[in-house]
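Below is one structure, written out as structure tokens; comments come after it.
The values are calculated or read from the model by the stated rules, or taken from the named source; none is laboratory data. From a predicted model like this one, the values you see are computed outputs, not experimental measurements. Methodologically, a virtual Cβ is constructed for each residue, glycine included, from the backbone with ideal geometry; neighbour enumeration extends over all protein chains shown. These area figures cover heavy atoms from the full protein model, side chains too; ligands, DNA and RNA do not enter into them. Shrake-Rupley method; radii C 1.70, N 1.55, O 1.52, S 1.80 Å.
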Amino acid sequence: MNYPHYLVLVFDIIIVVAALRVWSDVKIDLPPAEERVRIVAQQWAWTFVHAGPDGQLDTADDIRTVNDLNLQVNRLYHYELHSKDTLHSFSVPAFRLKQDAVPGRAIVGWFRPTVTGEFDIQCAEICGIGHGLMAARVRIRSAAAQAAWMEDAPRMRPLASVTPAVAATGAHASLAARAATPEVSAGQQGGDR
Ligand SMILES: [Cu+2]
């Protein structure tokens with residue numbers, strides 16, 4: 001008889017159930033957010049939308065940056081990850097975090113930085129000829145330093161131009177958004193999309 005076969009099936013089911021519980025703990029059950037930050041990947045830069053002093057996204061005081069994520073230490077963030085064009089992967093080695101960005105999806109996860117400092121962000125998915133240019137930094141500050149940064153941060157153009165819905169209207173919208181962003185050099189933003 002095939003008893004060993006049934007034994008393997010039973011173990012398989014046990015493994016799958018255990019794995020689903022881990023997946024749910026890590027990916028589905030998120031601790032409550034103190035703040036939300038939007039991350040938009042595109043060929044070949046990261047745009048970050050910070051909530052600003054009011055702590056709410058999609059309000060007039062939002063702060064938008066390119067390749068420069070600004071976080072407050074010991075604050076629990078939900079990130080909302082988008083892609084404007086192709087697959088990218090948001091990777092922060094210091095956070096042990098790597099999450100694919102998928103066009104048409106808003107993927108939500110969380111992190112809570114526990115030390116101040118500056119750390120690398122990279123794209124971990126080959127996303128075109130400029131893939132290697134998608135290096136960025138995350139700056140983690142004390143509450144006071146973060147408040148000071150918010151004071152100084154320029155309020156940028158209306159947020160509509162980075163939301164994925166608008167980007168979907170065509171390449172011109174995203175090119176215009178990049179051209180108007182000082183952190184991206186003219187050489188980079190003219191890339192062959
Ligand atoms: Cu990329």
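Among the residues of the range 105-134, the ones that are open to solvent by 60 Å² or more (accessible area, probe 1.4 Å) and within 16 Å of the ligand (Cβ to nearest atom) come to 7 in all. Here the strands (runs of 3 or more DSSP E) wholly within the range 14-119 that include at least 2 residues being touching a residue at least 40 places away in the same chain (Cβ under 8 Å) and farther than 24 Å from A144 by Cβ are 35-42, 45-50, 77-83, 88-92, 107-111.
Considering the range 135-148, and only residues there that are in contact (Cβ under 8 Å) with a residue 60 or more places away in the chain and over 20 Å from H78 (Cβ atoms), the residue that is nearest to the ligand (Cβ to nearest atom) turns out to be A135. Looking only at residues of the range 39-81 that are open to solvent by 20 Å² or more (accessible area, probe 1.4 Å) and touching a Ser or Thr at 6+ places or on another chain (Cβ under 9 Å), we find that the one that is farthest from the ligand (Cβ to nearest atom) is N74.
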